[in-house]
1. Collect the residues in the range 114-152 that are away from the ligand (no atom under 16 Å from the Cβ) and modelled with pLDDT of 70 or more, keeping them in residue-number order.
2. Quick one: which residue in Glu107, Glu87 is crowded, with 17+ Cβ neighbours inside 10 Å and out of contact with any strand residue (DSSP E or B) (no Cβ under 6 Å at 6 or more places or on another chain)?
3. Kindly provide the set of residues from the range 93-111 that are near the ligand (Cβ under 9 Å from one of its atoms), charged (D, E, K, R) and modelled with pLDDT of 95 or more, ordered by number.
4. Which one of these does Glu87 not meet: (1) over 19 Å from Arg35 (Cα atoms); (2) charged (D, E, K, R); (3) away from the ligand (no atom under 16 Å from the Cβ); (4) touching a helix residue (DSSP H, G or I) at 6+ places or on another chain (Cβ under 8 Å)?
5. Name the one entry in Lys59, Lys43, Lys51 that is more than 20 Å from Ala9 (Cβ to Cβ), surrounded by 10 or more Cβ atoms within 10 Å (Cβ to Cβ) and modelled with pLDDT of 95 or more.
6. Hey, Arg56 hits all of (1) under 14 Å from Leu90 (Cα atoms); (2) in contact with a Phe, Trp or Tyr (Cβ under 9 Å, 6 or more places away or on another chain) but one; which does it fall short on?
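The values are calculated or read from the model by the stated rules, or taken from the named source; none is laboratory data. None of the values given here were measured: they were computed from a predicted structure. Ideal geometry is used to build each Cβ from the backbone, glycine not excepted, and the neighbour counts take in all protein chains shown.
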Amino acid sequence: MDLKELFAAINDEELEPNSDLAVLREVLLSVTSRRNFDTRTMKKFGELTGKAHQHRRLKPSTHSIEFELVGITGNARRISEFALQVEDILVTVDLSRVKKCEGEECEALFIDESKNKSRRWCDMAHCGALRKSKVFYDKHRRVNPVAEAEIELGAK
Ligand SMILES: [Zn+2]
């Protein structure tokens with residue numbers, strides 16, 4: 001299951017409130033904060049997945065049987081695919097792996113696929129690095145006043 005496109009779409013900062021994508025994001029956001037979905041989100045999500053299921057057919061090929069969406073195109077198809085992926089996440093993924101980035105001012109959601117579920121940032125190179133430099137900065141700020149106080153004590 002390639003979820004890159006789904007997460008890129010629901011992590012878009014320009015996401016329109018109340019749009020279908022915003023509903024999908026809200027569902028996963030509820031999971032990250034261990035909240036229940038509110039009734040409105042639940043209802044909208046039900047409609048989105050319901051519609052997707054109406055268009056889903058089994059597509060047998062020589063080696064496997066896959067699902068495909070038929071009779072639906074364009075943006076509606078894209079939303080249906082995403083809705084099915086979110087549904088799939090809810091039932092197949094360990095939900096403690098669904099996370100929101102801990103980066104300051106970052107609202108990105110992601111699935112933590114690390115072995116020990118230790119991932120905290122959407123992107124180590126961006127949010128992770130920013131956080132690290134901040135911790136470094138804070139440490140130095142804390143250390144300096146102590147060093148000054150010691151000097152004063154020594155002078156007495
Ligand atoms: Zn982030």
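1. Listed by number, the residues that qualify are Lys115, Asn116, Lys117.
2. Glu87
3. Result: Lys100, single match.
4. Single failed check for Glu87: (1).
5. So the residue among Lys59, Lys43, Lys51 that is more than 20 Å from Ala9 (Cβ to Cβ), surrounded by 10 or more Cβ atoms within 10 Å (Cβ to Cβ) and modelled with pLDDT of 95 or more is Lys43.
6. So the condition that Arg56 fails would be (1).
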